[in-house]
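Every number here is computed from the coordinates shown, using simple stated rules; none is lab data. Being a predicted model, the structure only gives us computed values, none of them experimental. Counting neighbours? That spans all protein chains shown, and the Cβs are built from the backbone with ideal geometry, glycine included.
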Amino acid sequence: MGDPVNWRDSTPLGRSVDYDRGYDANLLVPIPRSEGREALGLHGPLPFTGWDVWNAWEVSWLGAGGKPTMVRGEFRVPADSPRIIESKSLKVYLNSLNQERAGTLEEVQSLLARDLSDASGAPVVVRLLPPDAWPTITTAPRGQCLDGLPIEVRHYHPEPFLLRLAGEREVVEALHTLLLRTCCPITGQPDWGGLEIRYRGPAIDHAGLLAYVISFRQQQDFHEQCVERMFRDILAHCRPHELTLEAHYLRRGGVDINPFRTNTGETPENSRWHLQ
């Protein structure tokens, strides 16, 4: 599946959808990552590795004898894939399986891995978990919560100048906030989430960091591109030797998206904060 000529003409966002059309991999709408990265000045080798971890909480199809099967899906899209997948198109695609006799769990898992890999242009790791195999994935956010800081907020679009150092002393810190909000780039609807920041390097001013995260409140962009913008800005303005950003967006339409970017080689756990 190649890059669409204009993915905006292909997205089902803002349109009524026929949910009875049956299984169709062409419902997936791929979006070139290059669009967002060129706007950020990210050319050539990326300053991070990472994954976009998607949880689809209601994946269902008809099994043997027409009996429905219900599982939770975890999809890991590598950050170096040439394309992301527009989220509503993923939901419509998954729903296209609802009335299909699609086979065993293993067969459907292989089908999804093939289709999502074709759409993103890189191998996507797919796990389908029946209810009795669902892990307990809630956890406490790591490190200090920034949300109680008494700051005055004046900016609601990304402002990198808010990022500053709190001196030159070297620290290893884990910080988090539940005040992350961005907006869908097509509908303008809000997307709520939390962000964990882990780094090693010169101490970052906490108040400025919180004000910077809040400044995304009216930013209309995809989750993945918002996190990459944050990574670029923190790296440029605060000069950490090691940096990991992990966003936990809340479930919308049965799917949540959790971009993970790092320059440490870490791989993400798939966990939800019990505060969300």
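Brief remarks follow.
- Neighbour counts of other Cβ atoms within 10 Å put SER110, SER87 in the fewest-to-most order SER110, SER87.
- Sorting GLU152, GLU86, GLU170 from the fewest to the most surrounding beta carbons within 10 angstrom yields GLU152, GLU170, GLU86.
- Most positive-pole-ward Cα, ALA174, GLN144, SER110, against dipole of the chain from beta carbon charges: GLN144
- Dipole magnitude for the range 141-264: computed about the Cα centre from +1 point charges on Lys and Arg Cβ and -1 point charges on Asp and Glu Cβ, it is near 80 debye.
- Degrees separating the helix 223-238 axis from the principal Cα axis of the chain, which is the longest one: 20
- Calculated Cα extents along the principal axes in Å (choose from (i) 66, 42, 32; (ii) 55, 39, 39; (iii) 54, 43, 37), label: (i)
- Convex hull of the range 82-161 built on C-alpha atoms - directionally averaged projected area, nm²: 9.8
- Working from the Cα coordinates of the range 141-264, the gyration tensor eigenvalues give, after taking √(5λ), semi-axes of 23, 15, 13 Å in decreasing order.
- Here the chain is treated with +1 on each Lys and Arg Cβ and -1 on each Asp and Glu Cβ, and its dipole about the Cα centre works out to around 300 debye.
- Per-selection Rg to Rh, the range 14-135 - Cα, Kirkwood hydrodynamic radius: 1.02
- Selected from LEU129, LEU42, ILE85, residue furthest toward positive end of dipole (the range 7-133; charges at beta carbon): LEU42
- Residues THR104 and GLU38, FRET efficiency given R0 of 41 Å [Cβ-Cβ distance, rounded to 0.05]: 0.45
- Per-residue Cβ neighbour rank within 10 angstrom, fewest leading, CYS226, CYS184: CYS184, CYS226
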